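The values are calculated or read from the model by the stated rules, or taken from the named source; none is laboratory data. If you're wondering where the values come from, they're calculated on a predicted model, not measured in any experiment. Positions of Cβ are generated from backbone atoms using ideal geometry, with glycine treated the same way; all protein chains shown enter the neighbour counts. These accessible areas exclude ligands, DNA and RNA; they are computed on the full protein's heavy atoms, side chains included. Shrake-Rupley method; radii C 1.70, N 1.55, O 1.52, S 1.80 Å.
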Amino acid sequence: MRKPLIAGNWKMHFTVPEGLEYALQLRRDLEPYSAVVDAVILPPAVMLWEIANALRGCAIEVGAQNAGWEDQGPFTGEISPKMLAGWCHYLLIGHSERRQLFNETDEELNRKLHAGLRHRLKVILAVGETLEEYEAGRTAEVITRQLNAAVYGVELRQATELSVAYEPVWAIGTGKAATPQYANETMGLIRRLLESPFGALASEIRILYGGSVTPANARSLMEQPEIDGGLVGGASLKAADFTGSSRRRLRCCSRRECERTRAGTRSRDHRRLGLPSGAGGQRDRRCQETELGRALGAMAAHHPGRGRRARRSTGGSAGELRGWPPQYRRRADRLPGPDPDQPRDSRRKLQAEPGFAAGHD
Ligand code: 13P
């Protein structure tokens, strides 16, 4: 079954110290959900390595917002999937901001996808139609072109590390999310398109919704059968929105224990990272519970059987984690590595999908 995935795309926000501080807060707040939801944050490249180190040993994974397709060479300003391999778990490609502002083409994204998978990164491929395309009823056509072009030539065994994010461009940063029904139907189309190259494996590929996900609408979106999680932009920048740290709800500890544990964790983290011990403020000492937190907690209940998919760690073998400094290697040795030849329990028959109706709201 598909375990839900929540990804926070930080885009171009936070300085390095701010990002580190925030990542530590997320580590405390998101861990209670790790049994039912995979969580990944996508910080800017400049702080990725530091944050990966700060989150080592915890269930939250990190990803890059972009990378090139070559391993190395004269590509000023670019980072390569090879540089990320072994310590960075995810790679986001095809975000509409990359497609529109940086003129990334379908062909380039196909190369990036191959390069990311070759280096055993878990790639999140973003697709989505613009407002103009939506209003012209061209959603299905655009999604079909973007998806087919990006996955061209990807082998079945590589596709196990692929996720797709459906992000209608008109919903990004506008406060106007797609309706759950519309998102679900479009994502049903995406799954059917994935069946063509990947057969039954398509039912294992996670498809996320992105575009103005907020605490208020998260639950109704996540309840949809085709929506396996969210790619969250603006709301991922505030801990209370992104995590909804409902420790009290999960009854993991009493309020007093929670405060003591957090304070201890924070001072250890701060000493290690050289941050002032008071950083972070008092606000995150409180046990908070938000709508998004409830949505995350409710996901498993609304999708019986979800949450069983084992977490897979990219580049988990000790050899592949050679990028890690020596003090981290001991943990790296213990990480389970992905086995592309491992038989999957997913080769079951596909069920008939509901019909797709494009262009409605
Ligand atoms: P918002 O959640 O701010 O609309 O952004 C969505 C997005 O672009 C995530 O990648």
Checklist entry - Any residue at all in segment 18-36 that is in contact with a strand residue (DSSP E or B) (Cβ under 6 Å, 6 or more places away or on another chain), closer than 19 Å to I207 by Cα and open to solvent by less than 20 Å² (accessible area, probe 1.4 Å)? => result no
Next on the checklist: Condition check: aliphatic (A, V, I, L, M), closer than 20 Å to P168 by Cα and outside any helix (DSSP H, G or I). Does A67 satisfy that?
Outcome noted: no
Checklist entry - How many residues are open to solvent by 50 Å² or more (accessible area, probe 1.4 Å) and on the phi < 0 side of the Ramachandran plot when one looks only at segment 56-70? => result 3
Item to check | Matching residues, segment 190-200, being under 17 Å from E129 (Cβ atoms) and open to solvent by 20 Å² or more (accessible area, probe 1.4 Å) | outcome: R192, L193
Checklist entry - Of R268, R272, R283, R262, which residue is modelled with pLDDT under 90 and crowded, with 17+ Cβ neighbours inside 10 Å? => result R262
Checklist entry - Only one of (1) of a type in the set (D, E, K, R); (2) in contact (Cβ under 8 Å) with a residue 60 or more places away in the chain; (3) away from the ligand (no atom under 16 Å from the Cβ) fails for E97. Which number is that? => result (3)
Checklist entry - Filter segment 100-115 for residues that are within 16 Å of the ligand (Cβ to nearest atom) and without any contact (Cβ under 8 Å) to a residue 40 or more places away in the chain; which is least open to solvent (accessible area, probe 1.4 Å)? => result E104
Checklist entry - When you look at E161, is it in contact with a strand residue (DSSP E or B) (Cβ under 8 Å, 6 or more places away or on another chain) and not aliphatic (A, V, I, L, M), yes or no? => result yes
Checklist entry - When the residues of segment 222-239 are filtered to those that are of a type in the set (D, E, K, R) and out of contact with any helix residue (DSSP H, G or I) (no Cβ under 8 Å at 6 or more places or on another chain), which remaining residue is surrounded by the fewest Cβ atoms within 10 Å (Cβ to Cβ)? => result K238
Checklist entry - Which one of the conditions (1) surrounded by fewer than 23 Cβ atoms within 10 Å (Cβ to Cβ); (2) touching a Gly at 6+ places or on another chain (Cβ under 9 Å) does R219 fail to meet, given that it meets all the rest? => result (2)
Checklist entry - Of the residues A39, A7, which is crowded, with 23+ Cβ neighbours inside 10 Å and within 14 Å of the ligand (Cβ to nearest atom)? => result A7
Item to check | Complete set of residues in segment 116-170 that are open to solvent by 50 Å² or more (accessible area, probe 1.4 Å), closer than 26 Å to Y182 by Cα and acidic (D, E) | outcome: E132, E135, E141
Checklist outcome for this item: Of those in segment 71-94 that are part of a loop (DSSP other than H, G, I, E, B) and open to solvent by less than 10 Å² (accessible area, probe 1.4 Å), the residue modelled with the lowest pLDDT is G86
Next on the checklist: Need a quick list: helices (runs of 4 or more DSSP H) entirely within segment 124-234 having at least 1 residues that are acidic (D, E) and away from the ligand (no atom under 15 Å from the Cβ).
Outcome noted: 131-135, 139-151, 180-198
Next on the checklist: Could you tell me how many of the residues in segment 35-57 are more than 30 Å from R98 (Cα to Cα) and touching a Cys at 6+ places or on another chain (Cβ under 8 Å)?
Outcome noted: 0
